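The values are calculated or read from the model by the stated rules, or taken from the named source; none is laboratory data. Because the structure is predicted, anything quoted here is derived from the model rather than measured. Don't worry about glycine lacking a Cβ; one is built from the backbone with ideal geometry, like all the others, and counts go over all protein chains shown.
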């Protein structure tokens, strides 16, 4: 039954991704809502988000929602990201995962972008001096995951996306779904598939797209309001397929190897691999590498996040012989331009 469920879900995801024209570099730049591709959680960012097979808890809502239910009871995470160091762009996030019964879990997360203050410019004042404005981009996600017989997990997530710039805004919904399978004496082997950012097209509208202009026939001295219609855009959907395996040396040392393939609907496909070392599940160090398929080193179609990533985690129990744990995560991701991205997270789980 579990194997049949896994095969069925995997087949559905592959068919949907095929219909979405995944891996089409000719469509690069045609989508919107690219903030959905940014990872706000440091633990998985250290492995370049290659953790489709092993992501769990709050962070699974950004990678593979099926892992949401693989928590003991409750997990709470706060994240802060310094995006593309040197640009002044920040991303803040907060998430909660709560076990529902023995096998289910409910999740909630909120992520907001901070672009800082931007000078208002017009045709008559191209140098600014008219004040500032700040774009308001955020998304709110609700999710549910269920684990069958401790081996197969499935999950679904609904995300509301809001983007506003002064008097212009857009709103839409996106759907994520995923499956994870674990096997082995210590659940060493893990396999995961996730489909992300499937949603209806979005379109900007508002008073900012209107302007006053003189009556074109010039018969009467009055002005009319002309409204421009913005073109719609799709969301950057993707399919992730990942594997991981835990190698144990005694009871305290774990080395996990991960591999991942990403089929993008609006850019080239990507592959990646990484390693994570853990000592007593209290200190963890990790590194990953992601590569754009079919792209030469000097090709301008390279995505911003290609290359190396690394991160560390320090996780300690809140009290002796307690299931509660407190953790601090840090990750660095190299970028094609700018000076990289820094992720910080604080986690509490019980």
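Restricting attention to segment 82-94, the residues that are farther than 11 Å from residue 340 by Cβ and either at pLDDT 95 or above or assigned to a strand (DSSP E or B) (or both) add up to 6.
Within segment 125-152, the residues that satisfy the criterion of being under 20 Å from the mean Cα position of the chain (by Cα) and assigned to a strand (DSSP E or B) are 136, 137, 138, 139, 140, 141, 142, 143, 144, 145.
In segment 202-293, counting only strands (runs of 3 or more DSSP E) that sit wholly within it, the ones holding 2 or more residues that are farther than 30 Å from residue 168 by Cβ span 238-249, 253-264, 270-279, 283-292. Screening residue 253 against (1) within 25 Å of residue 194 (Cβ to Cβ); (2) more than 22 Å from the chain's Cα centre (by Cα) leaves a single unmet condition, (1). The set of residues in segment 169-189 that are surrounded by fewer than 24 Cβ atoms within 10 Å (Cβ to Cβ) and assigned to a strand (DSSP E or B) comprises 169, 170, 171, 172, 173, 174, 175, 177, 181, 182, 183, 189. Looking across segment 231-252, the residues that are crowded, with 17+ Cβ neighbours inside 10 Å and more than 28 Å from residue 323 (Cβ to Cβ) come down to 233, 234, 235, 236, 237, 238, 239, 240, 241, 243.
Can you tell me which residue among 336, 255 is exposed (fewer than 14 other Cβ atoms within 10 Å of the Cβ), in contact with a strand residue (DSSP E or B) (Cβ under 9 Å, 6 or more places away or on another chain) and over 22 Å from residue 187 (Cβ atoms)?
Details: 255 fails: over 22 Å from residue 187 (Cβ atoms).
When all the criteria are applied, what remains is 336.
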